[in-house]
Amino acid sequence: MKRRYLSLIPFEDALEKMRKTAPSPRKVETVLLDSAVGRVLSEAVYAKFSVPGINVASMDGLAVHSSDTRNAADRSPVVLSDAVRINTGQPLPPSYDAVIMIEDVWEEDGKWLIRKSAAPWQFVRPAGEDIRKGDLILPRRHLIRAIDIGGLASYGIAFVNVLSVKVGIISTGGELVPLGMTPSPEQGVESNNFFAEAYLSRMGATCKRYPLVPDDREKIAAQLLLAVRENDLVLLSAGSSAGSTDYSAEILKDSGKLIFHGVGIKPGKPVMMGIVEKTPVLGMPGYPVAAHTVVREFAARLLEYWGMAPHPTYTVKARLGQNLSSDLGYDEFVPVSTGKVDGRYVVIPLSRGFGVQSALLKSNGYIHIPSSAEGLEAKQEIDVTLYENPSFMERSLLMVGSSDTPLQILADCMVDRSITLRCCPTSNLGGILALRAGICHAAPVHIPILKDHTIPDQLKAQKGLSIRRLVIAEQPFGLATRNAVRLEDLKNLQIMNSQRGTANRLLLDAVLARDGIPVSALKGYENELKNPDMIASNISSMIADAGICTQRSAANAGLRFLPLGIDAYELVMRADTIEDPRVKEMIEMIQSDEFKERLVQNGGFDTGSTGKFRI
């Protein structure tokens, strides 16, 4: 029987309940200085002594009485009758109040002459110049950085008292395997525990990952009881949705108290919180994007409330690249890729699929759509929370369009030039529209070429847009099948189609129109998949009989291949963008032997036209 959430409470209400029912454990531990980086001070640190402890020389030279040098000049040098040779860092002898650099001293007949007067306390570090005994070194709740360690050591601080928060992380699920094992097609590698540990450890928490637990109620309950007795906060990954083997809510109710189950947020709606033996427990979904949201918006916020250091983030105003819908009553968090185009920040939303972890890897921030909004409109200026310093965008290029292997190779090559390519995958048309709207630097597109003609040329329809097309790579594509067939046999086969607007779809439609085969005659024409590899896989698995894909995809799947044309993978740019220094460097890389060799090594790509402009 399918279980239902207790209720969907508003996001802010959930945060308030969490704060009220999970007060800070207020635990402190003393750690050695050499293991204190990344920890948070529980109390202020004060200097135990002054640095320097006495007046010392800041230059090699002579310690003098400044009054003895008063009349020294180039034409009337003064012979010093009372001076002491001194080196940098040595204590200044009593009664002396200045140091003259050795370069400004002349020695004649065993006597020291000077031609410049010395001001009182010249080249002298007075006692307590750096810090005085009792001065504040670092404040309470300061996240100890590597740069702090040297200073603390200089001031004689060998131990520090830090906040102690222990977080236990439990992952459950029979479909999961631990890192290091190769999963079967229906399984996945557990990753949420690694992310949670990395994220919360950076805030100063001490995390412990427990062994993976199968979908067994008694085993999960036993592991949870052990974890709550050893930690101040426990994260229970998976088992928080409403599936038949999700026991988390029942275990929390039986073992303690369930505070809430179901919050009006996306992703992460099934998040729950309970208290077991006075220890807060957060139950989060197994989907990586949803788990990421729960860790950031619940676990991290709770640790901040307890005094731990927040993650560094940056907020910028950016122009939204496309309309973004959202349901009223839900706070939605959307991963985005942000760049700087024509001197202003632009933001491209990435996939919101709960299981699409690659969207997180492509993102450099997120946007928060409040529950009161039905969405956001394209070209709207919105707040974007970044994970990285905005200055990094000065050396990055934003790509919107069809992401494929050659672009990934190019991105890797550009690393050596200290330029980051941020790739936002969408359709060919989506990339061209983004280019037209001025929200990207370039649009990578797949263009089908049949009998030496591009079909159809979507680019010519973009009036008022002066563009240049640069070839990245070419590869054959055509009809993939398990058995040898002819084009006229398509009417008798179950096909698997590509998404509307893709090169494969354009090619299929062009072939059908050329040979007079009506779309209605094809079985499966409406069945769409995202990319050639998925089409080839479905044919190989006998889900379909035929489909249009690249020769490389067909070969990898062990299929027969009937060539029909060329898939030209090209980079479309506005003509005025080509003068951008970053774009120039990218073009140079595409035209280089290094990039072409990398394409050839990868296999399946023709580099004969690579680096040539079409327009």
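The values are calculated or read from the model by the stated rules, or taken from the named source; none is laboratory data. Computed from a predicted structure; not experimentally measured. Counting neighbours? That spans all protein chains shown, and the Cβs are built from the backbone with ideal geometry, glycine included.
Mind checking which residues of the stretch 590-610 are crowded, with 19+ Cβ neighbours inside 10 Å and either of a type outside the set (Ser, Thr, Tyr) or touching a Gly at 6+ places or on another chain (Cβ under 6 Å) (or both)?
Within the stretch 590-610, ILE590, PHE595, LEU599, PHE605 qualify.
I'd like to know if the stretch 206-229 contains one or more residues that are under 24 Å from ILE367 (Cα atoms) and modelled with pLDDT under 95. Give the derivation first.
Of the residues in the stretch 206-229, the ones under 24 Å from ILE367 (Cα atoms) are none.
So far as the stretch 206-229 goes, no, none of its residues is under 24 Å from ILE367 (Cα atoms) and modelled with pLDDT under 95.
Cβ contacts < 6 Å: first residue in contact (Cβ under 8 Å) with a residue 40 or more places away in the chain, restricted to the stretch 582-607; second residue part of a helix (DSSP H, G or I) and surrounded by fewer than 16 Cβ atoms within 10 Å (Cβ to Cβ), any location; separation 6+ or different chain. Result?
Note: pairs meeting the criteria are GLU585/ARG417.
Consider ALA14 carefully, then state whether it is touching a helix residue (DSSP H, G or I) at 6+ places or on another chain (Cβ under 8 Å) and buried (at least 16 other Cβ atoms within 10 Å of the Cβ).
yes
Suppose we filter ILE382, ILE419, ILE367 for residues that are within 17 Å of the chain's Cα centre (by Cα) and over 18 Å from PRO444 (Cβ atoms); which single one remains?
Checking each option against the conditions leaves just ILE367.
Identify, from the list ALA127, ALA73, ALA63, ALA119, the residue that is outside any loop (DSSP other than H, G, I, E, B), more than 30 Å from MET203 (Cα to Cα) and among the hydrophobic types (A, V, I, L, M, F, W, C).
Just one listed residue meets the conditions, ALA63.
Output the residues belonging to the stretch 545-564 that are in a loop (DSSP other than H, G, I, E, B) and on the phi < 0 side of the Ramachandran plot. Explain how you work it out, then say what you get.
Residues of the stretch 545-564 in a loop (DSSP other than H, G, I, E, B): 545, 557-559.
Correct list: ASP545, ALA557, LEU559.
Could you run through the stretch 345-380 and say how many residues are in contact with a Leu (Cβ under 8 Å, 6 or more places away or on another chain), of a type outside the set (A, V, I, L, M), in a strand (DSSP E or B) and closer than 26 Å to PRO310 by Cα?
2
Out of PRO139, PRO185, PRO94, report the one residue that is surrounded by fewer than 12 Cβ atoms within 10 Å (Cβ to Cβ) and modelled with pLDDT of 95 or more. I'd like the intermediate steps shown before the answer.
Working: PRO185 fails: modelled with pLDDT of 95 or more; PRO94 fails: modelled with pLDDT of 95 or more.
On inspection, the qualifying residue turns out to be PRO139.
The rows are residues; the columns are (1) touching a residue at least 24 places away in the same chain (Cβ under 8 Å); (2) over 14 Å from THR420 (Cβ atoms); (3) of a type in the set (Lys, Arg).
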site: TYR345; (1), (2), (3): yes, yes, no
site: SER358; (1), (2), (3): no, yes, no
site: TYR366; (1), (2), (3): yes, yes, no
site: ILE369; (1), (2), (3): yes, yes, no
site: SER372; (1), (2), (3): yes, yes, no
site: ALA378; (1), (2), (3): yes, yes, no
site: TYR387; (1), (2), (3): yes, no, no
site: SER391; (1), (2), (3): no, no, no
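What pairs come up if the first residue lies in the stretch 13-34 and is farther than 30 Å from HIS261 by Cα, the second is part of a loop (DSSP other than H, G, I, E, B), and their beta carbons are under 8 Å apart, counting only those six or more places apart or on different chains?
Pairs found: VAL28/SER42; VAL28/GLU43; VAL28/SER164; GLU29/SER164; VAL31/ARG39; LEU32/ALA158; LEU33/ILE157; LEU33/ALA158.
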